[in-house]
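**Q** The structure that follows is given in the form of structure tokens.
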């Protein structure tokens, strides 16, 4: 009679030591604290991100001007141009808008009389007017419209605090970006110097390629906005719409905002065409705006940004959609260069992994890299629950 088989003893999981529990709890608390601090500092962190984007975008023009003059003068010229561009656009666009709004307010009674004459010539509209007194209400509102301009001015004065805070944020962002550009590559070189010597060349190359990608993205966005503005000017000139040049500038400016900018500009121009030649000019402009936006979203923008940042067109569209959904307009603006940066970093990491991959015999593992001189040696691999001796700690 055979002897019964010995029972199989399953390995038991060692009980966690108090030190391990305390370390886990402290790690969780530190992570929660870090997330809370980041949330509280989200505004200055956002300023730093925008300042970094502006600094990287302007580093190209600054380096180009530095070949002919001192770096301080090159930075001053680049940032002066950055500030003067929106001021110049405002000088082109704002005066015609103010003048037309004022003329609309003062000529509103005349427009209402024309509408009243049109209503009187139509039997159905004339019947509706007699029942609901639409014409009388419109005339009364038209007479009151000029007096409401002062109310609009008071409303604008109430948003002065928001404007001041926005200007304060813009000023801080510009100052931060100036400090970044003025420092040149000193900060980057210092950060790269803290890494392992064998990693430094690849990190430097990746950072350089990211800077070029961001600069190309800005140039591509400006080219796309220029195409939108020029085509808008041509269409409005053919339709005979007044203020074609200011409206083209508005379209080009809004076209810099991904996804929603072109739509907002098209609506604004459509309102102007309605006052010029309704419905012919409005219908033609609406058809053109819809067709052009489809061409821009599926052909122009993906092709320009694909060549600018070397990112696939599908990745460009996905990154813009995700950035806009998560962080709004700012996220949409920074989505493409962020996607390009991630792609460059992953490519450099993959090339590094392929370069260090060595065919080893079966059962032989790659040796661990030696620690840096300023790093402590790795802890000994001891069995669970066994603490190292003082001699092992000193080794």
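The values are calculated or read from the model by the stated rules, or taken from the named source; none is laboratory data. Please read these numbers as outputs of a predicted model, since none were measured by experiment. Cβ: placed from backbone, ideal geometry, glycine included. Neighbour counts: every protein chain shown.
**Q** Can you tell me which residue in the range 233-262 is nearest to the chain's Cα centre (by Cα), limited to those that are loosely packed, with under 14 Cβ neighbours inside 10 Å and part of a helix (DSSP H, G or I)?
**A** Only one residue fits best here, namely 234.
**Q** Among the numbered conditions (1) touching a helix residue (DSSP H, G or I) at 6+ places or on another chain (Cβ under 7 Å); (2) touching a residue at least 60 places away in the same chain (Cβ under 8 Å), tell me where residue 199 comes up short.
**A** It fails just one condition, (1).
**Q** Run down 290, 320, 316 and say which single residue is part of a helix (DSSP H, G or I), modelled with pLDDT of 80 or more and under 26 Å from residue 231 (Cβ atoms). Lay out the reasoning, then the answer.
**A** Numbers: 320 fails: modelled with pLDDT of 80 or more; 316 fails: modelled with pLDDT of 80 or more.
Just a single option satisfies the conditions, and that option is 290.
**Q** Same structure, new question: Go through (1) closer than 30 Å to residue 96 by Cα; (2) at pLDDT 80 or above; (3) surrounded by 20 or more Cβ atoms within 10 Å (Cβ to Cβ) one by one and return the number of the condition residue 268 breaks.
**A** If we test residue 268 against (1) closer than 30 Å to residue 96 by Cα; (2) at pLDDT 80 or above; (3) surrounded by 20 or more Cβ atoms within 10 Å (Cβ to Cβ), just (3) comes out false.
**Q** Now, a different point. I want to confirm something. Restricting to the range 65-82 and keeping residues that are within 26 Å of residue 251 (Cβ to Cβ) and loosely packed, with under 15 Cβ neighbours inside 10 Å, which single residue is modelled with the lowest pLDDT?
**A** Once the filter is applied, the top-ranked residue is 81.
**Q** So which of 348, 375, 296 ends up being modelled with pLDDT under 60 and either in a helix (DSSP H, G or I) or farther than 26 Å from residue 262 by Cβ (or both)? Full working, then the answer.
**A** Values: 348 fails: modelled with pLDDT under 60; 296 fails: modelled with pLDDT under 60.
Checking each option against the conditions leaves just 375.
**Q** Name the one entry in 94, 85, 62 that is surrounded by fewer than 18 Cβ atoms within 10 Å (Cβ to Cβ) and closer than 20 Å to residue 217 by Cα.
**A** Within the list 94, 85, 62, the selection yields 85.
**Q** Please verify whether residue 228 is assigned to a helix (DSSP H, G or I) and touching a residue at least 40 places away in the same chain (Cβ under 8 Å), treating the condition exactly as stated.
**A** Numbers: assigned to a helix (DSSP H, G or I): yes; touching a residue at least 40 places away in the same chain (Cβ under 8 Å): yes.
So residue 228 passes the test.
**Q** Hey, does the range 62-72 have a residue that's more than 27 Å from the chain's Cα centre (by Cα), in contact (Cβ under 8 Å) with a residue 12 or more places away in the chain and part of a helix (DSSP H, G or I)?
**A** Filtering the range 62-72 for residues more than 27 Å from the chain's Cα centre (by Cα) gives 66-72.
Add one more test, that the residue is in contact (Cβ under 8 Å) with a residue 12 or more places away in the chain, and what stays is 71-72.
With part of a helix (DSSP H, G or I) added as a condition, the list becomes 71-72.
Yes: one or more hits.
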